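Taken together, the values in this text are just the output of simple stated rules run on the coordinates, not laboratory data. Please read all numbers here as calculations on a predicted model, not as lab measurements. Heads up, the Cβs are rebuilt from the backbone with ideal geometry, glycines too, and the neighbour counts pull from every protein chain shown.
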Amino acid sequence: MSSARARILARLRQSAPSADPADPAVPLRRFDWDSRELLARFRERLEAVRGEVHLVGDDWPRRALELLEARGVRRLLYGPEAPPAAALEAAWREAPAASSGIELVAYREPVESFRDSLFDTVDAGFTGCRGAIAETGSLVLWPDAREPRLLSLVPPIHLVLLEAGSIRSTFAELLDEQGWSRSMPTNALLITGPSKSADIEQTLTYGVHGPKELIVLVRVPDGRGA
């Protein structure tokens, strides 16, 4: 880092106001909802904006396969180094996934050499997430080298695995519990429903700037899917 840049960053840090959640002058905004209500509110909010929510157990790859087959998906893009990848790959080696005709495509190439396939032949992208916000029905993603941002932005369908225990009532609560003030991501996404725009003749259209479908698999502790 250059000395000039270091001096500028140091001055910015010194002049930044305190945002310590432990400071009583900065109350943490949250709601006293139990786990059942957190899930119910998240689901209600997301489905209200055309997101799709499915409760799953440890067999979530089977449910993912069913949902993708019903949509005619032929190629599913995923990050091979991300935590859910091993379970996804194992399921795809077994029947019926092995005979489904849906190809798992590992995102390993630089976008410069992968651009044509990414935009022209990939039908769906799969990612995990950092958590979710019940108040707004939003997913929180930290794209990185294991799961690049384009995984959730380019394919027509975005499939997400969410742990039910990571749903929090508000964004402030999630920031506090995950310690964002101590370690900020280089990139963060808040996703509430599929991509939509009304820029063209004030007509609401889905999929203009990103996925036209958002499917969330919520893994619940008791393993009961719905």
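Can you find, among 42, 68, 57, the residue sitting farthest towards the positive end of the charge dipole of segment 32-71, where Lys and Arg contribute +1 and Asp and Glu -1 at Cβ?
68
Looking at 165, 187, 214, which one has the Cα that reaches farthest to the positive end of the dipole of the chain (charges on Cβ: Lys, Arg +1; Asp, Glu -1)?
It is 187.
With a Förster radius of 35 Å, plug the Cβ-Cβ distance of residue 187 and residue 66 into 1/(1 + (r/R0)^6) and report the FRET value to the nearest 0.05.
FRET efficiency, residue 187 to residue 66: 0.65.
Please sort 73-79, 112-118, 57-63 by packing, taking for each peptide the average over its residues of neighbouring beta carbons within 10 angstrom, highest first.
Highest-to-lowest ranking by the protection proxy: 73-79, 57-63, 112-118.
Per DSSP H run of at least 4 residues, take -39500 (n - 2.57); add these up for the chain, divide by its residues and hand me the 222 nm value, nearest 500 deg cm²/dmol.
-8500 deg cm²/dmol
With no solvent and one equal point scatterer placed on each C-alpha of the chain, evaluate the Debye formula and give log10 I(q)/I(0) for q = 0.13, 0.14, 0.16, 0.18 Å⁻¹, two decimals.
Each listed q corresponds, in turn, to -0.85, -0.95, -1.16, -1.35.
Run the dipole for segment 34-219 about the Cα centre, Lys and Arg Cβ at +1, Asp and Glu Cβ at -1, nothing else charged, and hand back the magnitude in debye, nearest 20.
Here the size comes out at about 60 debye.
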